[in-house]
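Okay, structure first, notes after.
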Amino acid sequence: MQQPKVYSFPNADQVAQALDKFLAQASAEAIKRHGKFSVAFSGGSLPATVAKYLKDNKSVDFGKWFVFFSDERCVEHTDAESNYKLVKDELLSHVPIPDNQIIRINEALVLDSKLAAEDYDLQMSKALGCDVVNQPPAFDCILLGIGPDGHTCSLFPGYPQVQEKSKWVTFIDDSPKPPASRITLTVPVLNQARNVVFVVTGGSKSDTVKLIVDGRDQTLPAARVAPTEGSLYWFLDDATAKYLTVNKPAEFKL
């Protein structure tokens, strides 16, 4: 694994501006390489930060985007807890991505998280044109946040989903953070991606970021994200990056 590329900016607005430039370039490169851009979104504050400038970027060929979700709550698409709804409100409703290229949880299966995970795995594999048996699907970009406990996606410290190696999508029915039932990508999928981008702002998680980025504390699920051939990025504001001493922020340039 390469060393992570860490960028820090004075505030969340400048993080959003940098993400707009980064994703525009990543999209263009992927489309040139294989005709589409596959990207997975987390929930929380990330979609608003990512979409702030990106949604108005006319240089991006959104018609070739395939959008996935790194984790999802087992709720209907219109539910306030839905990551799909969150990303739709912030980005998808503003850009021309074909509806059949937005791969979301099957609403008919939200009462059975195991079936919902299996179905999402099949949807994902079909959309990406990959063989789920032999190798994890390779996303062009996965966008992630972290929790104060070091979780990412719906992979929580001490829970068995963190250790899953044979499934690309798994489920949890006892999430320590409500709602209890969710589906989530697994660590092998995260580590197969061409680009993994963590976005953390606000300063409240600065201690956790240090444990992950500098300490590589393997008890924290986010520290297990280490792309085997791809690149790992951290887009932080200065308040979040303030304790980093080993992997110090570098100048942002494309």
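Quick rundown of the values:
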{"quantity": "Hits in the stretch 129-166 - residues which are within 17 Å of the chain's Cα centre (by Cα) and at pLDDT below 95", "calculated": "Pro136, Pro137, Ala138"}
{"quantity": "Every residue from the stretch 189-210 that is touching a Gly at 6+ places or on another chain (Cβ under 7 Å), in contact (Cβ under 8 Å) with a residue 60 or more places away in the chain and outside any loop (DSSP other than H, G, I, E, B)", "calculated": "Asn195, Val199, Thr208"}
{"quantity": "Residue among Pro188, Pro179, Pro227, Pro160 that is under 24 Å from Lys21 (Cα atoms), surrounded by fewer than 22 Cβ atoms within 10 Å (Cβ to Cβ) and either touching a strand residue (DSSP E or B) at 6+ places or on another chain (Cβ under 7 Å) or not β-branched (Val, Ile, Thr) (or both)", "calculated": "Pro227"}
{"quantity": "Residue within the stretch 207-224 that is modelled with pLDDT under 95, under 18 Å from the mean Cα position of the chain (by Cα) and surrounded by fewer than 17 Cβ atoms within 10 Å (Cβ to Cβ) present", "calculated": "no"}
{"quantity": "Failed condition for Lys126, given (1) at pLDDT 95 or above; (2) open to solvent by 30 Å² or more (accessible area, probe 1.4 Å)", "calculated": "(1)"}
{"quantity": "Close pairs (8 angstrom Cβ cut-off, 6 or more residues apart or separate chains): without any contact (Cβ under 8 Å) to a residue 24 or more places away in the chain in the stretch 212-240, assigned to a strand (DSSP E or B) anywhere", "calculated": "none"}
{"quantity": "In the stretch 46-68, residue surrounded by the fewest Cβ atoms within 10 Å (Cβ to Cβ) [restricted to those that are touching a strand residue (DSSP E or B) at 6+ places or on another chain (Cβ under 8 Å) and in contact (Cβ under 8 Å) with a residue 40 or more places away in the chain]", "calculated": "Phe66"}
{"quantity": "All positions within the stretch 5-23 that are open to solvent by less than 20 Å² (accessible area, probe 1.4 Å) and either in a loop (DSSP other than H, G, I, E, B) or free of Cβ contacts under 8 Å to residues at least 40 places away in the same chain (or both)", "calculated": "Ala16"}
{"quantity": "Meets criteria (touching a residue at least 40 places away in the same chain (Cβ under 8 Å) and open to solvent by 60 Å² or more (accessible area, probe 1.4 Å)) for Gln135", "calculated": "yes"}
{"quantity": "Residue among Val67, Val87 that alone is under 18 Å from Thr184 (Cβ atoms), assigned to a helix (DSSP H, G or I) and touching a helix residue (DSSP H, G or I) at 6+ places or on another chain (Cβ under 9 Å)", "calculated": "Val87"}
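To keep it simple, each residue is scored yes or no on (1) more than 25 Å from Gln135 (Cβ to Cβ); (2) among the acidic types (Asp, Glu).
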| residue | (1), (2) |
| --- | --- |
| Thr219 | yes, no |
| Ala222 | no, no |
| Ala226 | no, no |
| Ser231 | no, no |
| Phe235 | yes, no |
| Asp238 | yes, yes |
| Tyr243 | yes, no |
| Pro249 | yes, no |
| Lys253 | yes, no |
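The values are calculated or read from the model by the stated rules, or taken from the named source; none is laboratory data. Please read these numbers as outputs of a predicted model, since none were measured by experiment. Please note: Cβ atoms are built from the backbone with ideal geometry, for glycine as well, and neighbour counts cover all protein chains shown. Ligands, DNA and RNA are excluded from the accessible area calculation, which covers all protein heavy atoms including side chains. Shrake-Rupley method; radii C 1.70, N 1.55, O 1.52, S 1.80 Å.
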